[in-house]
């Protein structure tokens, strides 16, 4: 029996793929919550969790009163650690 992914993960992965593939260009505004809810047939809570995940990964950035935008310079996913010699 396989475990299903949470809907927020499915939406976040789909949006991340759109960003990586160039379908959503750097600086582009994400669709509204309502549009994303309709596109993925999910609740606002699911969309908010997905967008929060992308934000925490540095893929999107908020602009006060305007919405969420694809980051111009995405942050790396892993954090390099330096070791002292």
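Note on residue 66 and residue 29: the model spin-label points, each 7 Å out from Cα along the C-beta direction, lie 0.9 nm apart.
Multiply the residue separation of residue 73 and residue 38 by 0.36 nm, subtract the distance between their alpha-carbon atoms, and state the gained length in nm to one decimal. Walk me through the numbers before you get to the answer.
On the way: separation 35, 0.36 × 35 = 12.60 nm, distance 2.85 nm.
9.7 nm is the gain from fully extending residue 73 to residue 38.
Taking every C-alpha pair closer than 8 Å and separated by at least 6 residues, the mean separation divided by the residue count of the stretch 7-70 gives a relative contact order of 42 percent.
None of the figures in this text is laboratory data; all of them are computed from the coordinates on show. Since we're looking at a predicted model, the values are computed, not measured. As a convention, Cβ positions derive from the backbone with ideal geometry for all residues, glycine included, and neighbour counts pool all protein chains shown.
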